[in-house]
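A short worksheet on the structure shown next.
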Amino acid sequence: MFGTSISCMDGRIQEPIRKWITEKFNVQHVDVVTQPGVDGVLVGKGGPHIELIKHMVAISVNAHGSSTIVISGHYDCAGHPVSDEQHIQDIKKAVSVVKSWENMSGKEVIGIWVNDDWQVEQVA
């Protein structure tokens, strides 16, 4: 069973996110789709990168059967250097964006924040 993580490329957050997804959703594998500052990318600051993200998520959903998509933002993000509050707003907007994509009907789309202790907090 698979879950999907749409996250920043920052290596500091990959393990906490993978662990959270596997434990919370009882999946064995997590497909990882990364872009620097991905929460900012998904809310309109990413131009052509959004199409690539859509393509990768479609593979995860259609080929691997992922039914849970987790979008994250994190503390100290170099790719989207905004306040923590702005990140959380962007994560919530990004959840709505991804829910609107083709083939997302019936999929659980969740937003999380990785805080300054590298712990996961669900925000959407």
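Quick note: the coordinates plus some simple rules give every number you see, no bench work behind them. Just so it is clear, the structure is predicted and the values come from calculations on it, not from any experiment. All Cβ positions, even for glycine, are placed from backbone atoms using ideal geometry, and neighbour counts span all protein chains on display.
Contact order, relative form, for the chain: 30 percent (alpha carbon pairs under 8 Å, 6 or more residues apart, mean separation divided by residue count). In whole percents, the pair-distance distribution calculated for the stretch 1-46 from its alpha-carbon pairs, binned every 5 Å from zero, is 5, 23, 28, 19, 16, 7, 1. Gap in Å between the Cα centre of the stretch 77-103 and the Cα centre of the stretch 1-37? Cα centres, the stretch 1-37 to the stretch 77-103: 16 Å.
Would you calculate a helix-derived [θ] at 222 nm for the chain, using -39,500 (n - 2.57) for each DSSP H run of n ≥ 4 and dividing by the full residue count, to the nearest 500?
Details: 3 runs with 47 residues, N = 124.
Roughly -12500 deg cm²/dmol at 222 nm, from the helical runs in the chain.
For TYR75 and LYS24, FRET efficiency with R0 = 30 Å and r from the beta-carbon atoms, rounded to 0.05? Don't skip to the answer; put the middle values down first.
Numbers: r = 20 Å, r/R0 = 0.67.
Computed FRET efficiency for LYS24 and TYR75: 0.90.
How much net charge surrounds LEU42 when only other residues with a Cβ under 13 Å from its Cβ are counted (Lys, Arg +1; Asp, Glu -1)? Could the numbers behind the result be given before it?
Working: positive: LYS45, LYS54, LYS92, LYS93, LYS99; negative: ASP39, GLU51, ASP90.
Once positives and negatives cancel, what remains is +2.
Working note: Debye formula, equal point scatterers on the alpha-carbon atoms of the chain, no solvent; log10 I(q)/I(0) at q = 0.11, 0.22 Å⁻¹ is -0.30, -1.33.
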